[in-house]
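Enquirer: The following block contains the structure, expressed as structure tokens.
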Amino acid sequence: MPPSAGINVLPDEVLQHILGFLEAKESVRSCVLARRWCHLWKSATGLRILADAGMFLGRVSVEKLCNFMESLLRHRAGSPLHTCELRLTYFGRNILGCLYEDEGRLLRLVNTWFSHAVRCQVRALRLNAYSEGHFTMPILALDESSVDSRHLTTLHLDGIVVKRRFLDFSNCPLLEHLEFRNCHFHSGGDSRLRICAPSLVSLLLDDIWGWTPMLESMPSLVKAVVTSGCESCCHDCNCDFCDNSYSIGDDAGSNDCVLLKGLSEAMDLTLISEPETFIFKKDLRWCPSFSKLKTLLLNEYWCVPDDFRALVCILEHSPVLEKLTLELSSEEDRQQRERKVTLRPMEGSAAILEHLKIIEIKCDAVDERIFKITLFLCAFHIRLILN
């Protein structure tokens with residue numbers, strides 16, 4: 001190969017793959033390089049629309065983006081996609097103004113782009129309309145129709161309103177990785193939405209709005225991170241989930257589990273909740289067995305001082321647990337340097353902790369809570385060494 005040949009010696013398929021890593025506008029501009037490049041961008045394996053802060057300003061920018069995308073999709077036709085990323089974080093921060101100024105054109109087109117990617121057999125699809133660092137109520141809504149794809153493996157949504165039928169991924173047999181960040185689950189009624197994704201390997205639900213969605217069976221689930229903070233009871237609430245007499249282990253009501261039953265096959269689990277949220281307390285009434293769980297991370301919601309029933313419940317139902325991490329935070333110690341305390345069970349462990357090898361406590365400072373938790377674990381006849 002002569003030294004002057006350069007990138008032009010590569011086959012079209014390789015060049016189309018390379019162009020897929022570029023932002024869409026840059027990919028289109030490659031058409032001016034040479035006659036051979038005139039049409040390569042139309043079959044790029046990646047489609048990336050990155051409308052970040054500072055890139056687009058006002059109604060003119062929205063109109064330009066919409067015109068560009070309509071033209072792009074028209075020229076691409078049905079060329080297969082490996083990856084599609086639609087990052088509209090600037091519009092996420094100013095979405096209301098954009099929609100009113102442009103009569104909802106952007107909102108309608110986002111759904112068109114999303115559907116186009118699915119029709120083009122996309123494998124990894126990311127849609128982000130949330131401006132990081134700015135408090136934004138999710139308002140960019142996706143159509144309610146379910147996703148039907150035999151190729152989709154990864155779906156990440158950030159700052160999106162999702163509705164009932166959209167959460168049915170039963171026609172996506174290869175979907176293994178699913179993330180919802182800053183999303184609003186809009187039920188449109190009094191019943192919960194259900195996430196049906198039977199092939200999932202990993203799941204993330206972080207900072208969600210609306211009613212917490214119910215998780216259906218996920219037999220292949222390996223790792224899940226769930227931050228529950230969207231359903232809270234008021235201070236005057238008298239519901240069963242807020243008093244101090246909640247029961248545990250009533251299998252007859254297992255169908256009422258919102259999150260824990262769907263997460264019961266996970267090997268690596270993170271469960272974070274705000275103190276006033278009741279969803280996990282509700283689920284603990286019918287706590288399933290986490291028969292494969294090896295690694296578990298919990299926050300202070302699970303180990304309230306002088307009331308460790310939630311912690312006991314989750315440990316009793318995790319028979320092969322090997323590592324437990326407790327992340328504890330306190331307002332008064334937040335400015336202090338984080339310390340890590342590693343506790344290692346030595347001998348005489350109780351049955352519910354017989355496989356546990358490491359208990360790690362992450363905290364701002366070693367305070368009274370840490371000593372109470374340590375004493376509590378010692379009550380199960382566990383000898384602990386602090387490193």
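The values are calculated or read from the model by the stated rules, or taken from the named source; none is laboratory data. For clarity, every value in this text was computed on a predicted model and none was experimentally measured. Glycine also receives a Cβ, built like all others from the backbone with ideal geometry; neighbour counts cover every protein chain displayed. Calculation scope for accessible area: heavy atoms of the full protein, side chains included, ligands and nucleic acids excluded. Shrake-Rupley method; radii C 1.70, N 1.55, O 1.52, S 1.80 Å.
Enquirer: Pairs, please: C-beta under 9 Å, at least 6 apart or cross-chain, first residue among the small types (Gly, Ala, Ser) and in the stretch 154-183, second surrounded by 23 or more Cβ atoms within 10 Å (Cβ to Cβ) and part of a loop (DSSP other than H, G, I, E, B)?
Expert: Close Cβ pairs (under 9 Å, with a partner that is surrounded by 23 or more Cβ atoms within 10 Å (Cβ to Cβ) and part of a loop (DSSP other than H, G, I, E, B)) amount to Gly159/Leu88; Gly159/Ala129; Gly159/Tyr130; Gly159/Pro138; Gly159/Cys183; Ser170/Ala197.
Enquirer: Further, regarding this structure: Condition first: open to solvent by 50 Å² or more (accessible area, probe 1.4 Å), modelled with pLDDT of 90 or more and not in a loop (DSSP other than H, G, I, E, B). Now tell me which residues in the stretch 90-127 satisfy that.
Expert: Residues satisfying the conditions are Arg119, Arg126.
Enquirer: Name every residue in the stretch 197-216 that is within 22 Å of Arg150 (Cα to Cα) and surrounded by fewer than 19 Cβ atoms within 10 Å (Cβ to Cβ), in order of residue number.
Expert: Within the stretch 197-216, Pro198, Ser199, Val201, Ser202, Leu204, Glu216 meet the criteria.
Enquirer: Of all residues in the stretch 15-39, count the ones that are within 16 Å of Phe68 (Cα to Cα) and open to solvent by 50 Å² or more (accessible area, probe 1.4 Å).
Expert: 4
Enquirer: Quick one: which of Phe185, Phe180 is touching a helix residue (DSSP H, G or I) at 6+ places or on another chain (Cβ under 9 Å) and within 14 Å of Ile160 (Cα to Cα)?
Expert: The conditions single out Phe185.
Enquirer: For the subset of the stretch 246-281 comprising residues that are surrounded by fewer than 17 Cβ atoms within 10 Å (Cβ to Cβ) and of a type in the set (Asp, Glu), which member is modelled with the highest pLDDT?
Expert: Glu274
Enquirer: Just name the residue that is least open to solvent (accessible area, probe 1.4 Å) out of those in the stretch 40-78 that are at pLDDT 85 or above and assigned to a loop (DSSP other than H, G, I, E, B).
Expert: Filtering first and then ranking leaves Ala44.
Enquirer: Specify which of the listed residues (Leu321, Leu311, Leu343, Leu296) is out of contact with any Gly (no Cβ under 9 Å at 6 or more places or on another chain), open to solvent by less than 40 Å² (accessible area, probe 1.4 Å), among the hydrophobic types (A, V, I, L, M, F, W, C) and modelled with pLDDT under 80.
Expert: Testing whether each residue is out of contact with any Gly (no Cβ under 9 Å at 6 or more places or on another chain), open to solvent by less than 40 Å² (accessible area, probe 1.4 Å), among the hydrophobic types (A, V, I, L, M, F, W, C) and modelled with pLDDT under 80 leaves just Leu343.
Enquirer: So, one more: Is it the case, given these coordinates, that Lys323 is within 21 Å of the chain's Cα centre (by Cα), charged (D, E, K, R) and more than 23 Å from Thr212 (Cβ to Cβ)?
Expert: no
Enquirer: Checking the structure you have, find out if any residue of the stretch 128-143 is in contact with a strand residue (DSSP E or B) (Cβ under 8 Å, 6 or more places away or on another chain), closer than 28 Å to Ser43 by Cβ and at pLDDT 90 or above.
Expert: No, the conditions are met nowhere in the stretch 128-143.
Enquirer: Look through the stretch 144-161, keep the residues that are in contact with a strand residue (DSSP E or B) (Cβ under 6 Å, 6 or more places away or on another chain) and open to solvent by less than 10 Å² (accessible area, probe 1.4 Å), and return whichever of them is modelled with the highest pLDDT.
Expert: Leu155
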